[in-house]
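These notes are about the structure you will find just below.
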Amino acid sequence: MLFDLRPKESLKDLYDRVAEYRELSRLTGSGHWVAVLGKRMTGKTSLIKTFARENKGIYVNLLGARSFEDVSKRLLAGLGLKLDELTLNLKFLQIRWGRVLDEAFQFVKEKIIVLDEVQEISSPHFLKILKRVWDEYSGIRIVFSGSYIGVLRRLLEPSPASPLYGRKPATIVLKPFDHETSKNFLISGFQEYHQISFKGEEIEEAVERLNGYVGWLTYYGNFRCERRLPHDEALRETVREGSKIIQTELDHFLKNRRRELYVKVLRIVRAGARWSEIKRDLNINSKVLNDILKNLTSAMIVEGKEGYYWIEDPIMREAVKKLRP
Ligand SMILES: Nc1ncnc2c1ncn2[C@@H]1O[C@H](COP(=O)(O)OP(=O)(O)OP(=O)(O)O)[C@@H](O)[C@H]1O
Ligand SMILES: [Mg+2]
């Protein structure tokens, strides 16, 4: 069902994304590692999970896994292996997770391994293991994804000191659906519920307000067809729920950053502003402002082009409006 809120897992439920799916097949088929990027709610997890399932690959969600031990345990579980099945000498009290994973990969040999939500992983051991997989197991292809492109940077643009230097993955960027695709997505979703009627102008308004973000369109459709809310209410609830999700995400992003200043910048760029206007309004040092804008754009929160900055996702705009200073 298109309006199911969970990430899609099979091609029959995955709407569009034909070109991206094909590109993912082509790249992994020719031995590349790939990073699937995109803003919140553009359908990254659905694409990579479907791809893993359809190709007998493995999907591992690394959300919240911080230490190397956490990552190793998730990977092991994803690979369907138990610690005691490996031939390791486990007499050591201290488990050597690097070796455990090394053995685990020997079992796997030829597979696609999809790692979702890799953005929080900072363990240098993890990067070293990836290098080992790259060097030793050419049959394993890894697909990465996650929310914040900025934090994926270490993977995507490794510094010369990084174990992944020279092993940059190919990237696929998921864009929001265009106007026509968004409309057709909603219509196809509604058609799965024979008893629910809808009007063309409602579809038009929903697409206008939610702007091609498949996740928000799915929320709206779900509110209409599962929760049976009328159009206006469904739209209001989508914006409310969505902006709650994004606010949590923004709070997380702003942790350990100069929140007050970031919030001021976000409030100004919400409606679109030139660099010089932001600088004048805030009266701050150019370098500080440039750093803030760089962090916000690489985290895909803000768009920037030729000195003009704005927020594209309408739900993000709403979340910024409600963000506490
Ligand atoms: N191609 C698609 N066809 C149908 N539904 C989709 C598609 N892509 C995403 N969805 C729906 O949109 C919502 C968000 O999808 P998903 O979790 O895959 O996005 P995401 O980009 O990984 O989001 P996040 O940024 O939160 O990780 C889910 O409800 C999912 O079912
Ligand atoms: Mg996701």
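The values are calculated or read from the model by the stated rules, or taken from the named source; none is laboratory data. Quick caveat: nothing in here was measured; it's all calculated off a predicted structure. Cβ atoms come from the backbone with ideal geometry, glycine included; neighbour counts cover every protein chain shown.
A few notes on this one:
- Leu217 vs. criteria in contact with a helix residue (DSSP H, G or I) (Cβ under 6 Å, 6 or more places away or on another chain), touching a residue at least 40 places away in the same chain (Cβ under 8 Å) and within 12 Å of ligand 1 (Cβ to nearest atom): yes
- Matching entry among Ser25, Ser10, Ser30 (being more than 6 Å from ligand 1 (Cβ to nearest atom) and under 17 Å from Ser188 (Cα atoms)): Ser10
- Any hit, the stretch 268-276, residues being touching a Leu at 6+ places or on another chain (Cβ under 9 Å) and either acidic (Asp, Glu) or touching a residue at least 40 places away in the same chain (Cβ under 8 Å) (or both): yes
- Selected residue (criterion: farthest from the chain's Cα centre (by Cα)) from residues of the stretch 110-120 that are away from ligand 2 (no atom under 15 Å from the Cβ) and surrounded by 20 or more Cβ atoms within 10 Å (Cβ to Cβ): Ile112
- So Tyr21, is it aromatic (Phe, Trp, Tyr) and not in a strand (DSSP E or B): yes
- Gly215 being modelled with pLDDT under 95, over 30 Å from Asp135 (Cβ atoms), part of a helix (DSSP H, G or I) and within 16 Å of ligand 2 (Cβ to nearest atom): no
- Subset of the stretch 1-60 that is in contact with a helix residue (DSSP H, G or I) (Cβ under 7 Å, 6 or more places away or on another chain) and of a type in the set (D, E, K, R) - its residue that is farthest from ligand 2 (Cβ to nearest atom): Asp16
- Taking the criterion of being within 16 Å of ligand 1 (Cβ to nearest atom) and touching a residue at least 40 places away in the same chain (Cβ under 8 Å), the residues of the stretch 104-145 that qualify are Val114, Leu115, Asp116, Glu117, Val118, Glu120, Ile121, Val143, Phe144, Ser145.
- Residue match in the stretch 270-287 (condition: within 16 Å of ligand 2 (Cβ to nearest atom) and either of a type in the set (Lys, Arg) or surrounded by 13 or more Cβ atoms within 10 Å (Cβ to Cβ) (or both)): no
- Here Lys56 meets the list (1) in a loop (DSSP other than H, G, I, E, B); (2) of a type outside the set (S, T, N, Q); (3) within 16 Å of ligand 1 (Cβ to nearest atom) almost entirely, failing just condition (3).
- Considering only residues in the stretch 61-73 that are within 15 Å of ligand 2 (Cβ to nearest atom) and farther than 16 Å from Arg6 by Cα, the one that is surrounded by the fewest Cβ atoms within 10 Å (Cβ to Cβ) turns out to be Gly64.
- Test: residue in the stretch 181-196 that is more than 26 Å from Val143 (Cα to Cα), charged (D, E, K, R) and crowded, with 17+ Cβ neighbours inside 10 Å: yes
- Hits in the stretch 237-268 - residues which are within 28 Å of Leu63 (Cβ to Cβ) and of a type in the set (Val, Ile, Thr): Thr238, Val239, Ile245, Ile246, Thr248, Val263, Val265
- When the test is whether a residue is over 23 Å from Ile315 (Cα atoms) and either assigned to a helix (DSSP H, G or I) or within 16 Å of ligand 2 (Cβ to nearest atom) (or both), Leu164 does not pass it.
- Some residue of the stretch 147-157 being among the polar types (S, T, N, Q), farther than 19 Å from Met1 by Cα, within 16 Å of ligand 2 (Cβ to nearest atom) and in contact (Cβ under 8 Å) with a residue 40 or more places away in the chain: yes
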